[in-house]
Amino acid sequence: MSKKFTIFGNPVKHSLSPKMHTYAIEGLNLDATYTKTLLEDGKKLKELFLKNFDGASVTIPHKEIAFELCDEVDDLAKSIKAVNTLIKKDNKMVGYNTDATGFYRSIKEFEGIKSALILGAGGSAKAISTILKTNQISCSILNRSSERLKHFKNLGFETFTWDDLFKKNFDLIINTTSAGLNDSSLPCPKDIMYDIFSNAKYAIDIIYNINTPFLQLAKKFNLKNKDGSDMLLYQGIEAFNLFYDNRFSYDIIEKFMKKAF
Ligand code: NDP
């Protein structure tokens with residue numbers, strides 16, 4: 001029977017996931033569709049999902065509500081408190097977080113990372129801080145405002161706002177803010193950026209396909225750097241593997257999904 005997959009989000013129009021998954025479905029000759037579902041009211045997600053789909057991706061702003069609505073979640077998603085992948089099992093909604101594992105795979109080429117600084121304190125910062133901690137990389141969070149830092153503080157992470165004076169060195173700097181997505185701003189004031197970049201080795205912006213001011217500055221500081229394309233690709237491959245119960249090799253899915261970039 002034909003399988004049905006979708007991505008729930010708002011907005012969802014510009015998502016690359018349908019293209020990525022459709023290339024893999026077609027390349028592997030599978031009987032399936034992967035569509036976009038614009039979802040305004042997140043509370044309706046479970047009913048819509050169980051009625052119409054076998055698996056789904058979840059994007060902004062529904063990752064947290066999807067977590068709340070799941071019947072079961074895996075351990076990693078439980079510690080992040082957000083899911084980006086859903087599977088239907090025995091008419092139950094089961095949730096996973098492949099943003100975290102996808103991110104971690106994307107920084108494998110950066111060797112010997114002992115410490116990281118995350119700029120931003122939103123949903124993706126939660127996923128990334130959790131996976132770094134799981135892999136024994138010490139992680140601090142810097143955000144422009146303090147409200148969202150509480151979550152991280154409660155979990156024992158070191159946190160800063162722009163007003164805190166800090167002179168610390170971090171191997172890897174990660175931009176998870178939307179600065180640079182639709183504007184030409186840096187994620188934090190220039191003097192702070194200069195301080196943290198002058199002592200770092202690597203930089204990653206999880207925004208994809210844009211040479212953001214953050215990445216431009218990282219290049220000026222000669223840091224090894226990359227954007228969020230690999231993270232997006234890897235979280236997609238891992239979601240596909242969950243949809244098909246690991247029936248296909250990582251490499252073959254990657255070969256087809258890559259065509260979307
Ligand atoms: P959230 O809205 O949950 O969090 C955004 C965070 O960034 C907040 O802490 C906010 O600060 C801060 N912020 C927003 N705008 C600015 C700005 N102009 N300057 C400084 N700080 C700012 O977003 P997500 O964490 O879900 O996603 C963030 C970005 O990551 C998006 O651009 C998204 O496209 C990208 N992304 C990429 C993925 C990939 O696979 N490559 C996967 C997931 C996300 P405050 O608390 O003060 O409001």
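Each value in this text was obtained by applying a stated rule to the coordinates, not by laboratory testing. These numbers were taken from a predicted model, which means no experiment stands behind them. When we count neighbours, we look across all protein chains shown, and the Cβ atoms used for this are built from the backbone with ideal geometry, even at glycine.
Structural remarks
- Above-threshold pairs, the threshold being 28 Å between Cα atoms, out of Lys36/Lys255; Lys3/Lys226; Lys108/Lys259; Lys168/Lys190; Lys46/Lys126; Lys19/Lys190: Lys3/Lys226; Lys19/Lys190
- Angle between the chain longest axis and helix 229-243 axis [Cα atoms, degrees, rounded to 10]: 30
- Taking label points 7 Å from Cα along the Cα-to-Cβ direction, Asn10 and Glu64 give a separation of 1.5 nm.
- Relative contact order for the chain, counting Cα pairs under 8 Å that sit 6 or more residues apart, in percent: 17
- Taking the inverse of the mean 1/r over every pair of distinct Cα atoms in segment 52-147 gives a Kirkwood hydrodynamic radius of 14.2 Å.
- With all projection directions averaged, the alpha carbon convex hull of segment 32-100 covers 4.4 nm².
- Divided by 2.2 N^0.38 Å, where N counts the residues, the Cα radius of gyration of the chain comes to 1.01.
- Asp251 paired with Lys153, simple spin-label distance in nm, labels 7 Å along Cα-to-beta-carbon: 4.9
- For segment 62-109, projected area of the alpha-carbon convex hull averaged over all directions, nm²: 3.4
- Charge tally around Asp54: other residues with Cβ under 14 Å, Lys/Arg +1 each, Asp/Glu -1 each, net +4.
- Cα point-scatterer Debye curve for segment 161-261, base-10 log of I(q)/I(0) at q = 0.13, 0.14, 0.15, 0.19 Å⁻¹: -0.57, -0.63, -0.69, -0.90
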